[in-house]
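This report refers to the structure that appears directly beneath it.
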Amino acid sequence: MAEVTKQIDAPALTRQYTYGTWRHQKGWMPREIVDAEGCYFRDGSGNRYLDFSSQLMCSNLGHGNKAVIEAICEQARKLPYAAPGFATQVRARLSSALLEVLPHGLEKFFFATSGTEANEAAFKIARQCTGKYKIISRYTSYHGSTAGSIAATGDPRRYPIEPAGKMDGIIFGPDAYCYRCPFGLKYPDCGIECADYMEYMIQHESNVAAVIVEPVVGTNGVIVPPDQYLPRLREITERHDVLLIADEVMSGWGRIGEWFAVDRWKVKPDILTTAKGITGAYVPLSVTATTRKVAEYFEEHYFAHGHTYEAHPLTLAAGVAAIEEFKRLRLIERTRELGHYLGRQLRSLQEKHVSVGDVRGTGLFWALELVRDRESKQPFNTREDKIQGKPLVVDRVAGECMKNGTYVVSWITNLIIAPPLIIEREEIDQGVNALDKALGLADQEPR
Ligand SMILES: Cc1ncc(COP(=O)(O)O)c(C=O)c1O
């Protein structure tokens, strides 16, 4: 007789024995997810939710993709693990597949298991091969959770661990955030001061190894730079022999209707880091992709980096299958088409809801930035509110969406809308309707 698996109280045990991350532990009672299919997942009480944020902006292929699951199982049967010093068929196959989709010229890879690790590797590589040590990041950014990557993170996840979280040589430059321009300027009259100021920083700091940017800023509000920004930054970094690192952990893998966000502006970074969507999040994989020029340095120098689970065959097999699925399902083209529709629907929410200060995005990657007052752009909450664990208006709106059957990620002042790239129009309508109902809560806040 088949053994009946005893159901345990997953939320209570998860809460008691594991950490809830990026939060105060008090008050955390995680919802149990039991299964997921397409753009939906189901909780332990049988409620079904539209996944309007692809979990953590990573389930780009949707849930239950059979080709990716089968590829993982097949690899597990054949060769689940090999020490990184060995060559494997799957490592060679993923490398070839990456050469086809990455910006031309990025042709040597380091495989690990998270975006954080991809950026840590990028910093080490940049510092070693340039012989310089400063990294310029930006204030409105997230680059990962460990020593170097959290030090290079501009958002408040860095605050609680300071001063230890500071790292010598990491400095911050201005954001390309037109809605809240750090120079108080207006595009296009601004002359893209946010890019030019980076040149001023590079010149006056000296010793700058690299500039790291999210080409489209993710969690911190889907900030799409003006068209001239990235090409200008590329010119500046090249002129000063500084490497450009594109952190495409979130913005890559079709999310904006291109394989990678830098493709939109035909910018070729020296290093591109990515993770999340590369396997559709079925298993954890990240890549640090470098140019041949960067790679050549290590022919005669020690490559001082590595992990036990680097180039793990299960992850690589999922990567190969996921790339085939992106192509078979034409997800890049589809995202471009559907993105226009999603953008239109979200913009219509701004007309109806006074609390929506800005709607921005591209492809299937959008944010609603909520404000107490549209004129002054005063936010409902601050970065400090988040770290102090104060109740946030965006979290209440996201909670209300959940009651309406739609899951949306909220972060300080933004709601992040980034559905699986397989989403259908009717599902977009369903998600936008849920937001429409929930935004009433923010509209009612005192102005
Ligand atoms: C732009 C960006 N970089 C790096 C990371 C870190 O990736 P991971 O959480 O896989 O370590 C994230 C995660 O959200 C991210 O969005």
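Read the figures in this text as sums done on the coordinates, not as results from a lab. Just so it is clear, the structure is predicted and the values come from calculations on it, not from any experiment. No Cβ is skipped: glycine too gets one built from the backbone with ideal geometry, and neighbour counts run over all protein chains shown.
The single condition among (1) assigned to a helix (DSSP H, G or I); (2) surrounded by fewer than 14 Cβ atoms within 10 Å (Cβ to Cβ); (3) touching a residue at least 40 places away in the same chain (Cβ under 8 Å) that LEU56 does not satisfy is (2). Condition first: of a type in the set (A, V, I, L, M) and part of a helix (DSSP H, G or I). Now tell me which residues in segment 122-168 satisfy that. If the condition is that a residue be of a type in the set (A, V, I, L, M) and part of a helix (DSSP H, G or I), then ALA122, ILE125, ALA126, ALA147, ILE150, ALA151, ILE161 are the ones that fit.
Evaluation of ILE33 against the conditions (1) within 22 Å of ARG328 (Cα to Cα); (2) without any contact (Cβ under 8 Å) to a residue 12 or more places away in the chain; (3) not aromatic (Phe, Trp, Tyr) shows that the sole unmet condition is (1). Has segment 143-151 got at least one residue that is out of contact with any strand residue (DSSP E or B) (no Cβ under 8 Å at 6 or more places or on another chain) and more than 15 Å from the ligand (Cβ to nearest atom)? The answer is no, given that none of the residues of segment 143-151 is out of contact with any strand residue (DSSP E or B) (no Cβ under 8 Å at 6 or more places or on another chain) and more than 15 Å from the ligand (Cβ to nearest atom). Looking across segment 283-304, just one residue is in a loop (DSSP other than H, G, I, E, B), within 16 Å of the ligand (Cβ to nearest atom) and over 20 Å from GLN89 (Cβ atoms), and that is PRO284. The set of residues in segment 197-249 that are out of contact with any Phe, Trp or Tyr (no Cβ under 8 Å at 6 or more places or on another chain), in a loop (DSSP other than H, G, I, E, B) and either under 25 Å from VAL359 (Cβ atoms) or not polar (S, T, N, Q) (or both) comprises VAL224, PRO225, GLN228, HIS240, ASP241, VAL242, VAL249. Looking only at segment 177-188, decide whether some residue is closer than 27 Å to MET57 by Cβ and within 18 Å of the chain's Cα centre (by Cα). Yes. Among the residues of segment 250-282, those that are assigned to a loop (DSSP other than H, G, I, E, B) and among the small types (Gly, Ala, Ser) comprise SER251, GLY252, GLY254, GLY257, ALA275, GLY280, ALA281. Number of residues in segment 89-107 that are in contact with an Asp or Glu (Cβ under 9 Å, 6 or more places away or on another chain) and either aliphatic (A, V, I, L, M) or assigned to a strand (DSSP E or B) (or both) equals 4. Among the residues of segment 248-280 satisfying the criterion of being surrounded by fewer than 24 Cβ atoms within 10 Å (Cβ to Cβ) and of a type in the set (Lys, Arg), which is farthest from the ligand (Cβ to nearest atom)? Ranking the candidates gives LYS266 first.
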